[in-house]
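Written out below as structure tokens is the structure these notes cover.
The values are calculated or read from the model by the stated rules, or taken from the named source; none is laboratory data. None of the values given here were measured: they were computed from a predicted structure. Cβ coordinates were reconstructed from backbone atoms using ideal geometry, including for glycine residues, and neighbour counts include every protein chain displayed.
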């Protein structure tokens, strides 16, 4: 029952938030996790990148969107969207610990090295 509630609040938020509507997100497969806490954005662009990162970690992709329209939003609006998205995703995905993040980074570094060596 709790999971259904969190899914419903996430879906409502994703469809009503003006910043996230512009991103035209799509879910690929099932929800994934855990997700990393967003870094406090120092600009609108940083905030948008944090939102896209959160969506990716949770198993969503951003669709085709109008970057100019997205960048027209005030930084506060983008930061609010990012924080709200994080709060709505955490009950469904869990939070990435620093150990999880270090493991994922090490795996990605290894994959990148292997791919480069194979060329």
Residue hits (segment 48-68; touching a helix residue (DSSP H, G or I) at 6+ places or on another chain (Cβ under 6 Å) and more than 23 Å from residue 7 (Cα to Cα)) are 65
List the pairs whose first member sits in segment 68-80 and is touching a residue at least 12 places away in the same chain (Cβ under 8 Å) and at negative phi, whose second member is surrounded by fewer than 11 Cβ atoms within 10 Å (Cβ to Cβ) and in a loop (DSSP other than H, G, I, E, B), and whose Cβ atoms are under 9 Å apart, counting only residues at least 6 apart or on separate chains? 75/42
Among residues of segment 38-55, those that are within 17 Å of residue 15 (Cα to Cα) and within 8 Å of the chain's Cα centre (by Cα), counted: 4
Can you work out which of the residues in segment 37-56 that are buried (at least 18 other Cβ atoms within 10 Å of the Cβ) and under 17 Å from residue 87 (Cβ atoms) is modelled with the lowest pLDDT? 41
Conditions: (1) without any contact (Cβ under 8 Å) to a residue 24 or more places away in the chain; (2) out of contact with any helix residue (DSSP H, G or I) (no Cβ under 9 Å at 6 or more places or on another chain). Residue 5 meets all but one. Number of the miss? (2)
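Can you list the helices (runs of 4 or more DSSP H) found entirely within segment 30-100 that contain at least 1 residues being in contact with a strand residue (DSSP E or B) (Cβ under 7 Å, 6 or more places away or on another chain)?
Here the list reads 44-58, 75-93.
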Which condition number in (1) at pLDDT 90 or above; (2) in a helix (DSSP H, G or I) is the one that residue 107 fails? (1)
